[in-house]
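A.B. asks: Let me give you the structure first, and then I'll get to my questions.
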Amino acid sequence: MGSLRTRAALAALALVLTACGGGGSDEDAAPTGTWKDMAAAPIAGRSSPATEWTGKEMLVWGGGACKANPCQYDNVEPIADGAAYDPATDRWRTIAPSPLSARTGAAHAWTGKELLLWGGVVGTTEVFSDGAAYDPADDTWRTLPPSPLVARGASGVWAGKEFVVWGGRDIVSSQFFADGAAYDPATDRWRMLAPSPLSARQMRLGMVWTGKEVVFWGGGTSNEAFADGAAYDPATDRWRPLPESPMAGRFVPAIWTDKEVVFWGGEDWKQVFDDGAAYDPASNEWRALPPGPLAARITAADLWTGTEVLYWGGSNGTYNNYMADGAAYSPSTDRWRRIPAWSGRLATSVWTGTEMIVWGGIVPVGGNAQTAEIRAVADGRRYVP
């Protein structure tokens, strides 16, 4: 045991850290912020559409409606239409028909001018290698030139000047990929990326643009989850491996906070996680996140507000069991706070600069967690912190 003076000093330090937000969760505090209803959408409800914020509107395209339980793979009816929602007027508009056929799992990104889409799948029967760009200013589409990549469902991110697509899966042949390509709208051309140090893996990996590099971490195959990562610099066409993470391997999304890449939750086929970590590219170091107030979950709505990472909804990984609660993590204070509950579902979301828009998704209707029917819904709400 230490001296009385040492123990007193440690106790005083603990009080200071608590008062200053030195890590942890305001779990006993009442949830903060409010939800607001939004106008009805002119399109049918769906899961996993391509969704992007343009600075004025939320764009929604594609996705799938549920045909049967469980609402995945061949039990999903792909959709080829879309709409745009303006929160300033609380109004929707349908967008022009796309040259792309109906699909789910398309890589997508917002360039500052256009919504880019590439690849995607229909159940376990068809994969695509085509793409298109939508310009909301004049409500028009254009097709992308042929990509050097073979057909797949993949992940994509806008990297300042190029649309970077990497990895993915051909769900028909069950082939996983470790290659990638970048599309430049200014030249209307694709280029292959340099070979990656990462092994082949499917689209559910953390992938985010930091302003200098595209950081990749996690993901896996149909029976394995990975705990490694790498960073790709499109200016030099070079990769570098990331240091070892404090997290176990998993499928998990990535959020860029302007300083760190934050990961939380996810799953590895065997378990669902309630922990997380943050990676700082400048120092090339990881740090563990403090425990939060949320139960373990996958596919939560997640985004960066400029001061907090918001997590809402998702599933605990069991059939039909969807979460209705959420929380916000502040990197500056290393603390969590709870968000008011709304509707348990797997939904899509965007951050407008002042609020989180949550729309659509799938919800269980009737019965218990094992017998409820899963339906795709077309309603939504807006959360104001």
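The values are calculated or read from the model by the stated rules, or taken from the named source; none is laboratory data. Note that this is a predicted model, so its numbers are computed, not measured. Cβ placement follows ideal geometry from the backbone for every residue including glycine, while neighbour counts extend to all protein chains displayed. The accessibility values were calculated without ligands, DNA or RNA, using every heavy atom of the protein model including side chains. Shrake-Rupley method; radii C 1.70, N 1.55, O 1.52, S 1.80 Å.
A.B. asks: Which of the three applies to the range 192-246, rounded, prolate or oblate, going by the alpha-carbon gyration tensor with a ≥ b ≥ c and a/c under 1.5 meaning rounded?
C.D. replies: In terms of gyration-tensor shape, prolate.
A.B. asks: Could you state the angle between the C-alpha long axis of helix 4-20 and the longest principal axis of the C-alpha atoms of the chain, as a value from 0 to 90 degrees rounded to the nearest 10?
C.D. replies: 30 degrees
A.B. asks: State, to one decimal in nm², a quarter of the convex hull surface area for the C-alpha atoms of the range 101-151, i.e. the direction-averaged projected area. Don't jump to the answer; show the numbers that get you there.
C.D. replies: Working: hull surface 15.0 nm².
So the Cα hull casts an average projection of 3.7 nm².
A.B. asks: In a shell of Cβ-Cβ distance under 9 Å around residue 93, excluding residue 93 itself, what net charge do Lys and Arg (+1) and Asp and Glu (-1) give?
C.D. replies: Numbers: positive: 91; negative: 57, 86, 139.
Residues near residue 93 contribute -2 overall.
A.B. asks: Using the Cα centre of the chain as origin and beta-carbon charges of +1 (Lys, Arg) and -1 (Asp, Glu), tell me which of 193, 385, 350 is placed farthest towards the positive end of the dipole.
C.D. replies: Result: 385.
A.B. asks: For the range 52-129, what is the relative contact order in percent, using Cα pairs closer than 8 Å and at least 6 residues apart in sequence?
C.D. replies: Working: 147 pairs, mean separation 21.3, N = 78.
Worked out over the range 52-129, it gives 27 percent.
A.B. asks: How many times 2.2 N^0.38 Å is the alpha carbon radius of gyration of the range 310-385? Intermediate results must be reported in sequence, preceding the final value.
C.D. replies: Working: Rg = 13.6 Å, N = 76, 2.2 N^0.38 = 11.4 Å.
Computed over Cα atoms of the range 310-385, the ratio equals 1.19.
A.B. asks: If Rh is defined by the Kirkwood formula over all Cα pairs and Rg also comes from Cα, what ratio Rg/Rh do you get for the range 273-346? Before the final figure, lay out the partial values.
C.D. replies: Numbers: Rg = 13.0 Å, Rh = 13.0 Å.
On the Cα set of the range 273-346, Rg over Rh gives 1.00.
A.B. asks: Taking only Cα atoms and a 10 Å spring cutoff, compute GNM fluctuations for the chain and point out the largest among 47, 245, 174.
C.D. replies: With Cα springs under 10 Å in the chain, the top fluctuation among 47, 245, 174 is at 174.
A.B. asks: Now for a separate question. Springs between alpha-carbon atoms under 10 Å, Gaussian network over the chain: tell me which of 93, 297, 169 tops the mean-square fluctuations.
C.D. replies: 93
A.B. asks: What do the square roots of 5 times the Cα gyration tensor eigenvalues come to for the chain, in whole Å, largest first, as semi-axes of the equivalent ellipsoid? Mind dumping the intermediate values first?
C.D. replies: Details: eigenvalues 224, 131, 85 Å².
For the chain, the semi-axes come out at 33, 26, 21 Å.
A.B. asks: Now for a separate question. Å³ per residue of the Cα convex hull, for the range 207-330?
C.D. replies: Working: hull volume 12.9 nm³, N = 124.
Taking only Cα atoms, the range 207-330 has a hull volume of 104 Å³ per residue.
A.B. asks: Take the alpha carbon atoms of the range 276-315, find their center, do the same for the range 31-101, and report the distance between the two centers in whole angstrom.
C.D. replies: If you average the Cα positions of each part, the centres end up 24 Å apart.
A.B. asks: May I pose another question? From the backbone phi of the range 77-86, what are the Karplus-calculated ³J(HN,Hα) couplings (6.51 cos²θ - 1.76 cosθ + 1.60, θ = phi - 60°) in whole Hz, Gly and Pro given as x?
C.D. replies: Karplus-based 3J(HN,Hα) across the range 77-86 equals 8, x, 10, 10, 9, x, 8, 10, 10, 9 Hz.
A.B. asks: A further question on this structure: Under 1.5 on a/c is rounded, so check that first for the range 231-277, then, if it is not, pick prolate when a/b is larger than b/c and oblate when it is not; a ≥ b ≥ c are the square roots of the alpha carbon gyration tensor eigenvalues. It would help to have the intermediate numbers written out before the result.
C.D. replies: On the way: a/c = 2.57, a/b = 1.86, b/c = 1.38.
Because a/c hits 1.5 or more and a/b exceeds b/c, the range 231-277 counts as prolate.
A.B. asks: So which GluC sites (Glu not before Pro) in the range 170-258 pass both tests, a DSSP loop state and at most 15 other Cβ atoms within 10 Å of the Cβ? Working shown, then result.
C.D. replies: Details: sites: 213, 224, 244; in loops: 213, 224, 244.
Listed in order of number, the matching sites are 224, 244.
A.B. asks: For the range 54-185, divide the Cα radius of gyration by the Kirkwood radius and give the resulting Rg/Rh value with two decimals. List each step's numbers first, then the result.
C.D. replies: Working: Rg = 14.9 Å, Rh = 15.3 Å.
Rg/Rh for the range 54-185 comes to 0.98.
A.B. asks: Using the heavy atoms of the protein chains alone and a 1.4 angstrom probe, what is the accessible area of the chain per residue in square angstrom?
C.D. replies: Working: 16400 Å² over 385 residues.
Accessible surface, normalised per residue, equals 43 Å².
A.B. asks: Where is the GNM fluctuation largest for the chain (alpha-carbon springs, 10 angstrom cutoff): 308, 260, 285?
C.D. replies: So, out of 308, 260, 285, the one fluctuating most is 285.
A.B. asks: So what J values fall out for the range 165-171 if you push phi through Karplus, 6.51 cos²θ - 1.76 cosθ + 1.60 with θ = phi - 60°, rounded to Hz, Gly and Pro as x?
C.D. replies: 10, 8, x, x, 8, 8, 5
A.B. asks: Counting only residues 5 or more places away or on other chains, whose amide H sits under 5 Å from the amide H of residue 109 once H atoms are built in the peptide plane?
C.D. replies: Answer set, sorted by chain and number: 116.
A.B. asks: When a/c is below 1.5 the answer is rounded, else prolate if a/b is larger than b/c, else oblate, so apply that to the range 160-275 with a ≥ b ≥ c taken from the square roots of the Cα gyration tensor eigenvalues. Present the calculation step by step, with values, prior to reporting the outcome.
C.D. replies: On the way: a/c = 2.04, a/b = 1.33, b/c = 1.54.
Since a/c reaches 1.5 but b/c is at least a/b, the shape of the range 160-275 is classed as oblate.
A.B. asks: Take the solvent-accessible surface of the protein heavy atoms, probe 1.4 Å, and return the percent of it on the range 170-227 that carbon and sulfur atoms account for.
C.D. replies: 50 percent
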